[in-house]
Amino acid sequence: MADRYNPPEIEVKWQQKWAEDRLYEVTEDSKKPKYYALTMFPYTSGDLHIGHWYNYVPPDVRGRFKRMQGFNVLHPIGFDAFGLPAENAAIKRGIHPFTWTMQNIENMRCQLQSIGAIYDWNREINTCLPKYYKWTQWFFLKLYERDLAYRAKAPVNWCPSCQTVLANEQVVDGACERCGTPATHKDLEQWLFRITRYADELMQHEGIDWPERIKIMQRNWVGKSTGAYISFGLDHPGVEEKEIRIFTTRPDTTFGVTFMVLAPEHPLVAKLTTPDRRAEVEIYVERSRRQTEIERLSTEKEKDGVFTGAYVTNRLNGEKVPVWIADYVLASYGTGAVMAVPAHDERDFAFAKKYDLPIRLVIAPPGWQGEELKEAYIEEGVMVNSAQFNGTPSQHGIGAVSDFLAEKGWGGRAVTYRLRDWIISRQRYWGAPIPMIYCEKCGTVPVPEKDLPVMLPEDAEFKPTGESPLKYNEKFINTTCPKCGGPAKRETDTIDGFLDNSWYYFRYCSPQESKAPFDKQAVKYWMPIDLYTGGAEHAVGHLMYSRFISKVARDIGLVDFDEPFARLFNQGIIIREHQKMSKSKGNVINPDEYVAKLGADTMRVYLMFLGPWEQGGDWSDTGISGASRWLNRVWNLALEPYSRKAGGDKSVQEAARAELLRTIHQTIRKVTEDLERLRFNTMIAALMEFTNYLTGVSEARLVSASEWKGAVACLLLLMAPSVPHLTEELWARAGHKYSIHNQKWPEWDAALAKEEEITLVVQVNGKLRDRITVSASITETEAKKEAMSSEKVRVHLEGKTVVKEIYVPGKLVNIVVRE
């Protein structure tokens, strides 16, 4: 009887051995093909939950598999360490964010090591360390040099009580999460990146293997629209501006404009509002500032607005058009003004009905006889009530009107994007300081590269209000102008954490590089990333920003490729009892408890066996017990002594040998193909099935001891990527060369993997109708299906009713029919 399987003991033993032997340390090797697999690194929240394991285990399995196939595999890990939660923790716990973050990293590093992954810990990166954020600041300067970073007023969430900017997630039900004061919107000076310059490129995904839904989400986020700019005449007492420009995708409907709508934040609102309308307008503007963009744009929200008392002129027909404000128009989208054509826009139609505004049809539906519209007509038609354009098909009218506007100097063809420039400023302490200086004499001056990093001061005083300590740290703020040497002030905003994690994948290639953000030759060897894995929720945040920064790096000559991630795969999520896990529900799973009891290998197996990786699965303690039982069976199977039964029939032994060989090669093929396709659940199922088969072989004892040993060795090799500790232990006990993870991946022989075939006779009412060649292992259901699919057989079934199908295993199918 073999000694008992003790996962915790075995796993600690081999993890220490691998670390001592530096088994997973990686260097560039031109003799091997490279494979760079990366999973989005964790935020330093303090603990890894089961969702992290679900993210990290399958890519490690794939990386180990590619390593055994002869690839030079880079599969690194690090920590996304800057951000608001650490600062909130500092305020609540009275602890410095650096201390809190580093304590969390220490804990999470131990948890990550317990997974048994092939991480090269020499390549660990931490975004909150100066040796990393020095280069985050360097990227900021490079964008500034190329006029891709600029300072301007931008709308933010604001808490009047705390006197601080709030991130979107800090606004709960329209109020500050800290003090409950209703949040408002205000414009603040912010640093932004001109991501919009790359809008067209960011809509293109040629040459990369990404999920279609992510590509669609990114294209929609960029939101390219083709149409025209149109200038409406403005002549208002005391107002210098002589026009209001709008963008529309339907210039063919311009003759149907009956009112204009401005965003409540539009700078012209205060100037245009007449005295008799001012009180009502100001109340409406203040109310709008308390609402989030999501609330304002909700399709469920009834559209409302207020008349300003002002008018503009529709230059195409000379009509005076009333100017309203409404919160469904946002200052940050387009020009912050829209022309309203209620006859041909559902939202405008509802608004016009509510406020009894004119509805003029200018695109006639087929068969229209002048009747009043009951709803907005938004399809194509023929232009009417449109002066010289009457009778023009609307699809042609778009270009015709655009060209006429251009000819008159009132507008013309244009393309706009929904995408807005990236606000990079954060009014927080825990982030990389923005490397800019303000001098009264020289203006805005970038920090010289030789002076990087601009260090965060350690003597930060965190106030209960949540305001950034940098605003009050005189030692940090007061500095010398790099140009004139005079007194100057530092920027007190810090850099959005999204920039930290928009270039981290470069840094893994050469994490110790001190003279540049990364070594160009190392990046040339490793990049682009062959497989990038993480949640789909990052589609329009991290993934978009990373593509942008990578393209900027290309344009400044740092890299020679367009896209950083050649293949993207989004995993699903783990739920429990059909509910998403959350601390508030008390259903979060702590993996440490299961590792201590059942081992990391069991956790790895169970998470992969739950279901298709892209779909996620429902956690079950019963299920993980099943994974544990399988590994115990493998343990016993590999260690129990084996010898062939004495005096057996040679032909029976030869048949058993042939069947074993065929099963081995079929399993190699199945497991290999599943790993290539990231089908981890069916890969585990195939290994379990192979274990069951070998159990039968062990009991029959028909094959030789060497054949048995080879079969068990193959099982261990195929299991090694998924179950690294158990297989290493059993490999060593079998006397094989250390380490199993340095062994060559088994290859299958197509001829040996081919199923044994038989000839199946097919009868109809007992008469021979066909002979078909099928696999010897065909099931009854499969045999009947094949028989019914035969063209020779179907001829004799036409117009008849099948009464029953008789199956004689391995020999025939007889289909009984009647007229």
Q: May I ask for the equivalent-ellipsoid semi-axes of the range 105-183, computed as the square root of five times each C-alpha gyration tensor eigenvalue and listed largest first in whole Å?
A: 35, 25, 10
Q) Taking the highest mean first, how do the peptides 261-274, 363-376 order by number of other beta carbon atoms within 10 angstrom per residue? A) 261-274, 363-376
Q. So what is the orientation-averaged projected area of the range 439-543, using the convex hull of its C-alpha atoms, in nm²?
A. 10.2
Q. So what is the accessible area of the range 552-692 per residue, in Å², with the probe set to 1.4 Å?
A. 47
Q.
Could you order the peptides 479-487, 718-726, 106-114 from most to least packed, using the average number of other C-beta atoms within 10 Å per residue?
A. 718-726, 106-114, 479-487
Q) So what is the relative contact order of the chain, in percent, for Cα pairs below 8 Å that sit 6 or more residues apart? A) 14
Q. Looking at the range 396-483, which GluC sites (Glu not before Pro) are in a loop (DSSP not H, G, I, E or B) and have at most 10 other Cβ atoms within 10 Å?
A. Glu458, Glu461
Q: Work out the length of the dipole vector of the range 702-750 about its Cα centre, built from +1 on the beta-carbon of each Lys and Arg and -1 on the beta-carbon of each Asp and Glu, and round it to the nearest 20 debye.
A: 140
Q. For the chain, what is the mean residue ellipticity at 222 nm derived from helices alone (per DSSP H run of n ≥ 4: -39500 (n - 2.57); sum divided by total residues; nearest 500 deg cm²/dmol)?
A. -11000 deg cm²/dmol
Q: On a 0 to 90° scale, report how tilted helix 278-289 is relative to the longest principal axis of the chain, with both axes built from alpha carbons and the result rounded to the nearest 10.
A: 20
Q: Taking the chain as the reference, fit the longest principal axis to its C-alpha atoms, fit the long axis of helix 780-789 to the helix C-alpha atoms, and give the angle between the two in degrees, 0 to 90, nearest 10.
A: 70
(Q) If you average the alpha carbon positions of the range 714-731 and of the range 105-141, how far apart do those two centres end up, in angstrom? (A) 29
**Q.** Options Leu143, Tyr429, Pro528, ranked by Cα towards positive dipole end of the chain, top entry (Cβ charges)
**A.** Pro528
**Q.** Value in Å of the Kirkwood radius, where the chain supplies the Cα pairs that are averaged
**A.** 32.1
Q) Could you give the dipole magnitude of the range 723-819 about its Cα centre, charging the beta-carbon of Lys and Arg +1 and that of Asp and Glu -1, in debye to the nearest 20? A) 400
Q: Can you tell me which of 536-542, 514-520 comes out highest on packing, and rank the rest after it, using the mean Cβ neighbours within 10 Å?
A: 536-542, 514-520
**Q.** Violating pairs (Cα-Cα greater than 18 angstrom) within the set Lys784/Lys804; Lys597/Lys737; Lys131/Lys450; Lys524/Lys551
**A.** Lys597/Lys737
Q. If you line up the long axis of helix 130-145 against the longest principal axis of the chain, both from Cα atoms, how many degrees apart are they, to the nearest 10?
A. 50
**Q.** With every protein chain in place, the range 427-517: carbon and sulfur % of accessible area (1.4 Å)
**A.** 51
Q: Return the carbon/sulfur percentage of the accessible area of the range 50-114, one whole number, probe 1.4 Å, all protein chains in place.
A: 52
(Q) Using a Debye calculation, one point per C-alpha and no hydration shell, please list log10 I(q)/I(0) for the range 515-595 at q = 0.12, 0.15, 0.16, 0.19 Å⁻¹ in order. (A) -0.56, -0.72, -0.76, -0.88
Q: With 10 Å bins from zero, work out the P(r) of the range 580-639 over every alpha carbon pair and list the percent per bin.
A: 20, 48, 26, 5, 1
**Q.** Thr682, Thr164, reordered so the largest accessible area comes first (probe 1.4 Å)
**A.** Thr682, Thr164
Q) Counting alpha carbon pairs within less than 8 Å and at least 6 residues apart, what relative contact order, in whole percent, applies to the range 715-802? A) 18
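The values are calculated or read from the model by the stated rules, or taken from the named source; none is laboratory data. Not measured: the values here are computed from a predicted model. Note that each Cβ is placed from the backbone with ideal geometry, even for glycine, and that neighbours are counted across all protein chains shown. Note: accessible area is taken over every heavy atom of the protein model, side chains too, but ligands, DNA and RNA are not part of it. Shrake-Rupley method; radii C 1.70, N 1.55, O 1.52, S 1.80 Å.
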